[in-house]
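The values are calculated or read from the model by the stated rules, or taken from the named source; none is laboratory data. Computed from a predicted structure; not experimentally measured. Cβ coordinates were reconstructed from backbone atoms using ideal geometry, including for glycine residues, and neighbour counts include every protein chain displayed. Heavy atoms of the whole protein, side chains included, go into the accessibility calculation; ligands, DNA and RNA do not. Shrake-Rupley method; radii C 1.70, N 1.55, O 1.52, S 1.80 Å.
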Amino acid sequence: MRPPPTPLKFGYGTNGFTHHRLADVLVVLSDLGYDGVALTLDHNHLDPYAEDLPRRVTALARQLDRLGLDVTVETGAPFFLDPWGKHLPTLMSDGSELRVDLLRRALRIAADLGSPTVHLCSGPAPEGLPEEDAFKRLAEGVEVVLESAEKHGVAMAFEPEPYMFVDTVERCLRLARLVGGHPLFGITLDIGHAHCVEEHPLLECVRLAAPLVRNVQIEDMRRGVHQHLEFGSGEIDFPAVLAALRDLDRRGLVSVEIQGGSLDAPEVARRSIEFLRTAERTAERAAADL
């Protein structure tokens, strides 16, 4: 008999709490019953270039341990490296060494915090660069970063992002093949993004990504509109999605990604965890009736 699936572990992204101190974010999430936090490295919460970074990381690790929160490290702050260019430079750009350096710093921080993964995305391809050349540059950059991932024992979890060069699960799988199926290369599957842009139905995207999924981001969304919505405001059938996620052998945190809720962040986080727990119970009841 197949053992029952393990319960999902829900996190919340710090990019949805841009007006809070990081220490306060963690207390709020713990009080609301979240299992973890998706920590975006940025100027606000944890700057990987801060002079006192070791002290900050040590204090953060202690607070995470005290509150019993898991953590995954993310590097998707859009203007962190270039105040004029969103997600620039990329691993495909001239100046890609800046992105490599950030990702290496993120890997060290992740190792010190006990995060099993570092999230990354492709950003846009340089204008006029042929697709084959862009994939080649991207794969070469990822391979350089994977050398540091091996050193730290932390996986890279690549996210397909709407309207970026790597925007679908299939393109992410192509990148995985180009880096030789490296065991520390995985996928961050964003449920809303998959519904927004993928040609395949959402549950088929979960199935396609399943062998490489390292963690999951989740929010509601409408087809063709890249806007992170509160749960129940879009088109996604969440009990079905959560049932599919529960069947994954390796999925990490399932982290809420609602960046636009910062002005009401504690209540958005409260509504989100209540919605997800209710949807999870609905999925469990449906499975029991089969």
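Values computed for the structure shown
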item: Accessible area (Å², 1.4 Å probe, nearest 10) - LYS86; result: 120
item: Accessible surface, the chain, averaged per residue in Å² (probe 1.4 Å); result: 46
item: Pairwise label distance in nanometres, ASP101 with VAL27, each label 7 Å out on the Cα-Cβ vector; result: 3.5
item: Portion, in percent, of the accessible area of the range 1-106 that falls on carbon or sulfur, probe 1.4 Å; result: 54
item: The range 47-90: C-alpha gyration tensor shape, a/c 1.5 cut-off, then a/b vs b/c; result: oblate
item: Mean-position separation - Cα centroids, the range 53-77 and the range 246-288, in angstrom; result: 21
item: Dipole magnitude of the range 155-228 about its Cα centre (Cβ charges: Lys, Arg +1; Asp, Glu -1), debye to nearest 20; result: 240
item: Kyte-Doolittle at least -1.0, axis length at least 20 Å by Cα - qualifying DSSP helices, the chain; result: 53-67, 97-113, 131-152, 265-289
item: Proximal lysines relative to LYS136, as straight alpha-carbon distance under 22 Å, when same-chain residues fewer than 8 apart are discounted; result: LYS86
item: Under-5 Å amide H pairs with GLN217, H placed in peptide plane, nonlocal only; result: LEU189, ASP190, ILE191, SER255
item: The range 31-173 shape via C-alpha gyration tensor axes, a/c threshold 1.5; result: prolate
item: Prolate/oblate/rounded label for the range 248-287 (Cα gyration tensor, a/c 1.5); result: oblate
item: Which of TYR163, TYR12 is most accessible, then next, and so on - probe 1.4 Å; result: TYR163, TYR12
item: Stretch in the chain that is longest and holds no GluC sites (Glu not before Pro) that DSSP places in a loop and that have at most 15 other beta carbons within 10 Å; result: 52-126
item: Amide H contacts of HIS119 (H built 1.01 Å from N, under 5 Å, at least 5 apart or other chain); result: VAL73, GLU74, THR75, ALA157
item: For the chain: relative contact order, % (alpha-carbon pairs under 8 angstrom, 6 or more apart); result: 19
item: Descending semi-axes in Å of the range 167-262, equivalent ellipsoid built from Cα gyration tensor; result: 22, 14, 13
item: Accessible surface of the range 118-188 [probe 1.4 Å, protein heavy atoms]: carbon and sulfur percent; result: 50
